[in-house]
1. If I filter segment 81-112 down to residues being more than 17 Å from E19 (Cβ to Cβ) and aliphatic (A, V, I, L, M), which single residue comes out as surrounded by the most Cβ atoms within 10 Å (Cβ to Cβ)?
2. Among the residues of segment 95-116, are any in a loop (DSSP other than H, G, I, E, B), touching a residue at least 60 places away in the same chain (Cβ under 8 Å), of a type in the set (V, I, T) and under 21 Å from G36 (Cα atoms)?
3. Out of the residues in segment 42-61 meeting the condition of being surrounded by 15 or more Cβ atoms within 10 Å (Cβ to Cβ) and not small (G, A, S), tell me which one is farthest from the chain's Cα centre (by Cα).
4. Pairs only if they're at least six apart or on different chains, beta carbon under 9 angstrom, first in segment 45-72 and at positive phi, second among the charged types (D, E, K, R); list them, first residue then second.
5. May I ask you to verify whether L32 is at pLDDT 90 or above, in contact with a Lys or Arg (Cβ under 7 Å, 6 or more places away or on another chain) and surrounded by 12 or more Cβ atoms within 10 Å (Cβ to Cβ)?
6. Assess whether A48 counts as being in contact with a Ser or Thr (Cβ under 9 Å, 6 or more places away or on another chain), assigned to a helix (DSSP H, G or I) and either within 29 Å of K124 (Cα to Cα) or modelled with pLDDT of 95 or more (or both).
7. Could you list all residues from segment 68-80 that are surrounded by fewer than 20 Cβ atoms within 10 Å (Cβ to Cβ) and either at pLDDT below 95 or under 18 Å from L27 (Cα atoms) (or both)?
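The values are calculated or read from the model by the stated rules, or taken from the named source; none is laboratory data. Quick caveat: nothing in here was measured; it's all calculated off a predicted structure. Neighbour counts are summed over all protein chains in view; Cβ atoms, including those assigned to glycine, are modelled from backbone coordinates with ideal geometry.
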Amino acid sequence: MLDPNRLAARKGVAILRGENPELSIALRSILLACDGQALDEALGPALAGAVAWRPGDLEDPDLAMGLRRRRRETIAKAVEYADRCGALGRLIAGLDGVLRTHPDGMDVGPAFARWDKANWRLVKGIGTAA
């Protein structure tokens, strides 16, 4: 059994927060509609800055080839991988310049920040008397 009193606060969030499929779907949609060249140039460095390790097909030059041949799948895979690693916020921050090229893109960072804050409050309350 997980004892929240023995977990460091940030580690508890990482363990309990789970994925964010709703925001991931919106992010993938917006990225597909953003300027293609800007995304192609930014995705690799943003992903590398967000996660400690990437599978081979999300490393250059395979990432660039995936964006050319299977754009939708490659973007989905990159976003889902970052989400599973608990690094979606860092990926969004790394893609800020690209996201700003889309009218809805500017809402993604603040939406993630609100979700992150809500999760943080929820996990902090685990184990406390109601």
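1. So the residue we want is L95.
2. Yes, segment 95-116 contains at least one residue that is in a loop (DSSP other than H, G, I, E, B), touching a residue at least 60 places away in the same chain (Cβ under 8 Å), of a type in the set (V, I, T) and under 21 Å from G36 (Cα atoms).
3. Residue satisfying both the conditions and the ranking: D57.
4. No pair meets every condition.
5. yes
6. Values: in contact with a Ser or Thr (Cβ under 9 Å, 6 or more places away or on another chain): no; assigned to a helix (DSSP H, G or I): yes; either within 29 Å of K124 (Cα to Cα) or modelled with pLDDT of 95 or more (or both): yes.
No: the conditions fail for A48.
7. Scanning segment 68-80 gives R70, R71, R72, E73, A76, K77, E80.
Conditions tested, residue by residue: (1) in a helix (DSSP H, G or I); (2) in contact with a helix residue (DSSP H, G or I) (Cβ under 7 Å, 6 or more places away or on another chain); (3) among the aliphatic types (A, V, I, L, M).
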residue: S24; (1), (2), (3): yes, yes, no
residue: S29; (1), (2), (3): yes, no, no
residue: A38; (1), (2), (3): yes, yes, yes
residue: W53; (1), (2), (3): no, no, no
residue: L63; (1), (2), (3): yes, yes, yes
residue: L67; (1), (2), (3): yes, yes, yes
residue: A76; (1), (2), (3): yes, yes, yes
residue: G86; (1), (2), (3): no, yes, no
